[in-house]
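The values are calculated or read from the model by the stated rules, or taken from the named source; none is laboratory data. Remember, predicted model here, so these are calculated numbers, not experimental data. All Cβ positions, glycine included, derive from the backbone under ideal geometry; neighbour counts span all protein chains shown. Side chains are part of the model used for accessible areas, which takes the heavy atoms of the whole protein and leaves out ligands, DNA and RNA. Shrake-Rupley method; radii C 1.70, N 1.55, O 1.52, S 1.80 Å.
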Amino acid sequence: MVSASLEVELARDLLAGKEEAFDRFVETFRTKIFQYSYLMCGHREDAEEVSQETLLRVFESFGQLREPERVKSWVFRIARNACLMKRRKSVFAPAQELSLEQFLPRADHEGGEIRLQIADWSALPDTQVLRGELRQVLNQAIAELPEIYRSVMLLRDVEELTTDETAEVLEVSTEVVKTRLHRARLAVRQKLDDYLRPAPREEAPAARK
Amino acid sequence: MHPESSNPSKECQEMFALLSQYLDEELPPETCEQIRSHISGCAPCVEFVNSLKRSIELVRNIEREEQPAPLPAAIREELKAAYKKMLSVRRGAPAGC
Ligand SMILES: [Zn+2]
């Protein structure tokens with residue numbers, strides 16, 4: 001393993017009673033927790049509360065952190081539980097499974113040929129993405145994911161936790177993390193595709209037999 | 001209506017379930033190679049993988065302009081007190097388990 005991350009060192013220092021690590025720990029994790037819970041809960045006030053509550057729980061129970069290497073997943077697990085306590089109906093709709101099949105590329109029939117409808121928008125420049133509508137679409141796509149998928153995507157792709165760390169936070173197997181992450185990504189891809197794909201020329205009568 | 005006729009090939013579908021793991025380099029080398037060689041010869045798969053990859057990048061770079069409000073001094077004190085209390089309990093605890 002390479003050198004321990006900043007978070008791990010801060011956790012070690014805190015456990016060793018080095019109080020000077022306190023402020024840095026608070027600042028490092030507060031921003032992380034806030035941004036994560038903002039995307040999880042969708043409400044600014046909730047996210048502020050969650051980050052304070054999480055830090056309080058963290059400091060109260062810091063002695064229970066047996067392995068400082070796992071500080072990140074430990075903190076995120078507390079944060080996620082705090083988010084779930086705030087669950088608002090709109091954001092935490094009843095668990096809904098996303099199936100793989102629903103994201104299979106659709107095919108249409110063009111002159112007898114099966115043609116997959118996939119728009120090549122992968123070359124889309126960042127500048128176009130970061131401004132305006134598309135950003136909304138992306139945020140919306142994430143917000144609309146059922147919670148079990150959203151939490152995996154936020155931890156893996158946004159917070160960049162490893163598969164193992166994410167499994168620890170969510171208390172599920174790594175296989176479950178991989179499956180859910182894939183479906184979450186497919187769902188987001190689908191929403192972006194719906195938005196970015198040029199409208200079909202005309203609705204041809206379904207000539208399938 | 002007729003899955004065999006309107007869906008991508010069976011091979012594409014098998015790849016489909018593994019694309020995230022493929023992009024995350026979490027697959028055994030043989031499977032990875034198998035997918036790579038399928039994709040290189042399959043235009044729809046190339047486009048699909050590219051757009052999936054692009055979607056992941058967009059999520060990774062999602063703009064997090066929202067910053068938390070400054071931490072109120074009273075809360076900071078509360079956190080610090082919780083930390084100190086935890087330390088004193090820890091120090092007072094008998095050694096070993
Ligand atoms: Zn294919």
- Out of (1) under 30 Å from A:Phe22 (Cα atoms); (2) in contact with a strand residue (DSSP E or B) (Cβ under 7 Å, 6 or more places away or on another chain), what's the single condition that is false for B:Pro44? (1)
- Query: What is the residue count in the stretch B:34-74 for residues that are away from the ligand (no atom under 15 Å from the Cβ) and open to solvent by less than 30 Å² (accessible area, probe 1.4 Å)?
  - Reply: 8
- From the list B:Arg90, B:Arg36, B:Arg54, B:Arg76, which one is part of a helix (DSSP H, G or I) and more than 10 Å from chain A (Cβ to nearest Cβ)? B:Arg36
- Candidate set: the stretch B:1-13, residues that are within 8 Å of the ligand (Cβ to nearest atom) and at the interface with another protein chain (Cβ under 9 Å from one of its Cβ atoms); chosen: the one modelled with the lowest pLDDT: B:Pro8
- Item | Residues satisfying the stated conditions in the stretch A:129-149, i.e. within 8 Å of another protein chain (Cβ to nearest Cβ) and of a type in the set (Gly, Ala, Ser) | none
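Could you identify the single residue in B:Glu78, B:Glu57, B:Glu47 that is more than 17 Å from A:Gln190 (Cβ to Cβ) and among the charged types (D, E, K, R)?
Values: B:Glu57 fails: more than 17 Å from A:Gln190 (Cβ to Cβ); B:Glu47 fails: more than 17 Å from A:Gln190 (Cβ to Cβ).
It is B:Glu78.
Please enumerate the residues belonging to the stretch A:154-171 that are part of a helix (DSSP H, G or I) and over 14 Å from A:Gln35 (Cβ atoms). Please lay out each step first, then the result.
So in the stretch A:154-171, the residues part of a helix (DSSP H, G or I) come out as A:154-158, A:163-170.
Once the filter is applied, which keeps residues that are part of a helix (DSSP H, G or I) and over 14 Å from A:Gln35 (Cβ atoms), the stretch A:154-171 yields A:Arg156, A:Thr163, A:Asp164, A:Glu165, A:Thr166, A:Ala167, A:Glu168, A:Val169, A:Leu170.
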- Message: For the stretch B:14-33, which positions are open to solvent by 60 Å² or more (accessible area, probe 1.4 Å) and either within 12 Å of the ligand (Cβ to nearest atom) or among the hydrophobic types (A, V, I, L, M, F, W, C) (or both)?
- Response: B:Glu14
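Can you tell me which residue in the stretch A:24-35 is surrounded by the fewest Cβ atoms within 10 Å (Cβ to Cβ), limited to those that are among the charged types (D, E, K, R) and within 16 Å of A:Arg57 (Cα to Cα)?
A:Glu27
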- Given the stretch A:1-62, what helices (runs of 4 or more DSSP H) lie entirely inside it while holding 2 or more residues that are of a type in the set (S, T, N, Q)? A:21-41, A:44-60
- Among residues of the stretch A:36-47 being buried (at least 21 other Cβ atoms within 10 Å of the Cβ) and not aliphatic (A, V, I, L, M), the residue modelled with the lowest pLDDT is A:Cys41
- Per-region count, the stretch A:150-172, residues open to solvent by 60 Å² or more (accessible area, probe 1.4 Å) and either modelled with pLDDT of 95 or more or more than 9 Å from chain B (Cβ to nearest Cβ) (or both): 3
